[in-house]
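Taking it in order: structure first as structure tokens, then the write-up.
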Amino acid sequence: MPDAIRRSRSETAGRILIYGTLVLFAVYFLVPLFVMVITSVKNMDEIRTGTLIALPQQPTLEPWLKAWGYATIGVTNEGIRGFFWNSIRMVIPAVLFSTLIGAVNGYVLSKWRFRGSDTFFAMLLLGCFIPFQVVLLPMARTLGFLGLSESIWGLVLVHTVYGLAFTTLFFRNYYVAVPSELVNAARIDGAGFFRIFWKIMLPVSTPIFMVTIIWQTTQIWNDFLFGVCFSTGETQPVTVALNNLVNTSSSVKEYNVDMAAAIIAALPTLFVYFVAGKYFVRGLTAGAVKG
Amino acid sequence: MPTDARQPGLASLLEAALPKVVVAPSFAAMLVFIYGFILWTLYISMTKSTFLPTYDFVGLAQYIKLWRIERWWVACRNLLVYGGLFIFFCTVLGLMLAIFLDQKIRIEGALRTIYLYPLALSFVVTGTAWKWLLNPGLGIERLVREMGWSSFTFDWLVTSEMSIYCVVIAAVWQSTGFVMAMFLAGLRGIDDAIIKAAQVDGAGLTRIYWKIIIPSLRPVFFSAFIILTHIAIKSFDLVVVLTRGGPGYSSDLPATFMYAYAFTRGRLAMGAASAMMMFAMVMAIIVPYLYSELRRKRDA
């Protein structure tokens, strides 16, 4: 009997240790967000006199209004607003194009394979992994040649092209699991390429569309490298504008405005994460490779 | 194959060619924008290009010069330090959290949501947050001093020898949840029967984890290692926002080196050479990985 009691006592201690560690890490992951939020509603006096985790005494939305509407970023005094819309105008077409093309590619590479299609897929797969630094210089020249440098449409093109490897991979791996008998039966009945896609594949594709759209939206919204290399001034996406705001060496640093701007830049992807977390995580493990 | 021999008309020929026609634009885009551009960059790296590409061939001269630049060595050394610590901490913490979460925890869903949310953030946002937390004047240093330890110093962000460790801290914060998710998926894939059998044999839980479960997660360790290495080599935004590669160039990584040379200092050929070196690093990791993955799938 005493042995059993000892074991159950050590088990309780184990449970406490496990729960304690898990909660401690939850705190660790939440603290930066918490500090960002409270800092964004403090005025500069409170920031200078208080500590990181001191709650705001006189909460103010002024930093948010300034970050959104009239903070100085680069040469303009119009806050992050315009850059936020730039990102939206960039993300929507880029996600749409890369997802739709990826869906059709994935359909071909899984159900209409031809000689060379596996080679194509393998080559595309390698494209998922290249460090983009290795295409930046030629891309800059090409965008200039196409008259698209420093434009939103240039960024849409770049994100569509380099997103294709991933969207194709997603759809191909999903469609491989759709029974080929269905497709073959439809073919015997005389259904064509697009009819089969429309009638058989699309109706079962909702989950993979969700995963792909969420993955692409997060990736493109959060991109910094392409934004900083291929846009200037008024066409910059929000991530580049945020960096410009945070890293300006001019005058007094307004941490509250920085934090408000950072939260604004993070809101769309956080919203997606909390609303559709299931698909987000699924895309993460499926597309883990991109990083 | 969709070829239909019974009705050899133009329409059926077209129908037969349709799959190829549909993927042709993507195929062309891939050839040009991925493979063509890599060759183009390779070519630029073998010229004397400065602000604009010139196409006078100088062979490997830029690469020889590159490896003589002290800043490039700093960037590569930083990548080793940063990559090593980043991979180590993400793996250890991710594995620990996954094992703990797998113990029938009542609030698992909520905890998982919390551990994973940093992944939805841009590295620019993460960098902004940690720049504020690590700032010596008003950040953690000040907090600890106010709490009574008045001689406490934590000024890594502005110290040349330590600034790269700030990048490690922020990067680990952002990516640990992801590794946790990978390990958790791996743990859920393990057959319960194995564990039950070991328990019947009288093995303790700790022993079962060390001897049976963790070794069986080897493929997950492997994938996590590849993915984290890949993230480390491509790290760019976080450094730019957090330290701007500074103080001086003490926290430069190859990616920020490449950007500085190619886009701000007007040394295109040198930038291209450093990009090719990054490409070589990634390929050295990825090609064996893809090869083994494809082989495993074929065997399965």
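Quick one: dipole size for chain B, taken about the Cα centre, charges +1 on Lys/Arg Cβ and -1 on Asp/Glu Cβ, in debye to the nearest 20. Please report the intermediate quantities before stating the final value.
Details: 26 positive and 17 negative charges, 52 e Å.
Charge dipole, chain B, about its Cα centre: 260 debye, nearest 20.
Using the Karplus curve 6.51 cos²θ - 1.76 cosθ + 1.60 with θ = phi - 60°, what ³J(HN,Hα) values do you get for each residue of segment A:181-194, in whole Hz, with x for Gly and Pro?
Listing the rounded values in order: 4, 4, 5, 5, 4, 5, 5, 5, 6, x, 6, x, 3, 6 Hz.
What is the distance in Å between the Cα centres of segment A:195-224 and segment B:31-73?
37 Å
Would segment B:69-299 count as rounded, prolate or oblate if I go by the C-alpha gyration tensor, calling it rounded below 1.5 in a/c and otherwise prolate when a/b exceeds b/c, oblate otherwise? Let's see the in-between values first.
Details: a/c = 2.66, a/b = 1.38, b/c = 1.93.
Oblate shape, in that a/c is at least 1.5 and b/c is the bigger or equal ratio.
Under the definition of partner shielding as Cβ atoms of other protein chains within 10 Å of a residue Cβ, what is the mean value for peptide B:236-243? Each step should come with its number before you reach the end.
Numbers: counts 6, 9, 1, 0, 7, 7, 2, 0.
Partner Cβ neighbours, averaged per residue: 4.
Between B:PHE152 and A:ALA185, how high is the FRET efficiency from 1/(1 + (r/R0)^6) when r is the Cβ-Cβ distance and R₀ = 45 Å? Nearest 0.05. Working shown, then result.
Values: r = 72 Å, r/R0 = 1.61.
Efficiency for this residue pair is about 0.05.
Aspartates and glutamates near A:LYS42 by alpha-carbon distance under 17 Å, same-chain residues fewer than 8 away left out - which ones?
A:GLU62, A:GLU254, A:ASP258
Kindly rank A:139-147, A:215-223 from highest to lowest mean number of other beta carbons found within 10 Å of each residue. Could you put the intermediate results ahead of the total?
Numbers: A:139-147: 15.7, A:215-223: 24.3.
Result, highest mean Cβ count within 10 Å first: A:215-223, A:139-147.
Give me a single rounded figure for B:34-43: the average over its residues of other chain Cβ atoms within 10 Å of their Cβ. Don't skip to the answer; put the middle values down first.
Values: counts 12, 5, 3, 11, 5, 1, 7, 7, 1, 1.
What the average comes to for B:34-43 is 5.
I need the phi-derived Karplus couplings for segment B:268-274: 6.51 cos²θ - 1.76 cosθ + 1.60, θ = phi - 60°, integer Hz, Gly and Pro marked x.
Ordered by residue, 3J(HN,Hα) equals 3, 5, 5, x, 5, 4, 5 Hz.
Which lysines have a Cα less than 27 Å from the Cα of B:LYS48, not counting those fewer than 8 places away in the same chain?
Correct list for B:LYS48: B:LYS65, B:LYS234.
Please give every one of the lysines within straight-line cross-link reach of B:LYS196, meaning a C-alpha to C-alpha distance under 22 Å, and leave out same-chain neighbours fewer than 8 residues apart.
Output for B:LYS196: B:LYS104, B:LYS211.
With r as the distance between the Cβ atoms of B:ASP201 and A:THR206 and R0 = 41 Å, compute the FRET efficiency 1/(1 + (r/R0)^6) and round to 0.05. Please list the in-between numbers first.
On the way: r = 46 Å, r/R0 = 1.13.
That gives a FRET efficiency of 0.35.
Please give the average number of partner chain Cβ atoms lying within 10 Å of the Cβ of each residue in B:136-147, rounded to a whole number. Write out the running numbers ahead of the final one.
Numbers: counts 0, 2, 9, 4, 4, 1, 3, 6, 2, 1, 5, 1.
What the average comes to for B:136-147 is 3.
Among A:ASN105, B:ALA197, B:GLN174, which residue has its Cα positioned farthest towards the positive end of the charge dipole of the protein assembly as shown, with +1 placed on the Cβ of Lys and Arg, -1 on the Cβ of Asp and Glu, and the dipole taken about the Cα centre?
The Cα lying farthest towards the positive end belongs to B:ALA197.
What is the Cα centroid distance between segment B:210-278 and segment A:237-272, reported in whole angstrom?
A separation of 23 Å, based on Cα centres.
With each pseudo-label sitting 7 Å past Cα toward Cβ, what's the A:LYS199-A:PHE34 distance in nm, one decimal?
Result: 5.8 nm between the two label points.
Using amide H atoms built in the peptide plane, which far-off residues or other-chain residues are under 5 Å from A:ILE73 H to H?
Amide H neighbours of A:ILE73: A:GLU78, A:GLY79.
Which net charge results when you count Lys and Arg as +1 and Asp and Glu as -1 among the other residues whose beta-carbon is under 13 Å from that of B:CYS166? Before the final figure, lay out each step's value.
Numbers: positive: B:LYS131, B:ARG244; negative: B:GLU141, B:ASP155, B:GLU161.
Net charge in that neighbourhood comes out at -1.
Order the peptides B:79-92, B:236-249 from the highest to the lowest mean number of other Cβ atoms within 10 Å of their residues. Don't skip to the end; give the middle numbers.
Values: B:79-92: 18.3, B:236-249: 22.1.
Output ranking for B:79-92, B:236-249: B:236-249, B:79-92.
What number, in nm² with one decimal, is the all-direction average of the projected area of the convex hull of the alpha-carbon atoms of chain A?
24.3 nm²
What are the ³J(HN,Hα) couplings of segment A:82-87, residue after residue, when phi is run through the Karplus curve with 6.51, -1.76, 1.60 and θ = phi - 60°? Round to Hz, x for glycine and proline.
Per-residue couplings from phi come out as x, 5, 4, 5, 3, 4 Hz.
Would you calculate, for the protein assembly as shown, the mean residue ellipticity at 222 nm contributed by helices, counting each DSSP H stretch of 4 or more residues as -39,500 (n - 2.57) and dividing by all residues, to the nearest 500?
-22000 deg cm²/dmol
Find the centroid of the Cα atoms in segment A:70-115 and in segment B:144-166, then give the distance between the two in whole Å.
Here the answer is 40 Å between Cα centres.
Which value, in Å to one decimal place, does the Kirkwood hydrodynamic radius take for segment A:2-60 when every pair of different Cα atoms is included?
On the way: mean 1/r = 0.0699 Å⁻¹.
Kirkwood radius, segment A:2-60: 14.3 Å.
Modelling each spin label as a point 7 Å along the Cα-to-Cβ direction, I'd like the B:TRP67/B:ARG188 distance in nm, to one decimal.
Computed distance between label sites B:TRP67 and B:ARG188 equals 4.7 nm.
State the extension gain, in nm to one decimal, for the chain segment bounded by A:LEU55 and A:THR12, taking 0.36 nm per residue of separation less the distance between their alpha-carbons. Mind showing how you got there, number by number?
Values: separation 43, 0.36 × 43 = 15.48 nm, distance 3.56 nm.
11.9 nm is the gain from fully extending A:LEU55 to A:THR12.
Return the long-range amide H neighbours of B:THR47 (sequence gap of 5 or more, or a different chain), with a cut-off of under 5 Å between placed amide H atoms.
Residues meeting the amide H criterion: B:VAL58.
A short reminder: the numbers here are calculations on the coordinates, not readings from a lab. Just so we're clear, the structure is a prediction, and the values are computed from it rather than from any experiment. Methodologically, a virtual Cβ is constructed for each residue, glycine included, from the backbone with ideal geometry; neighbour enumeration extends over all protein chains shown.
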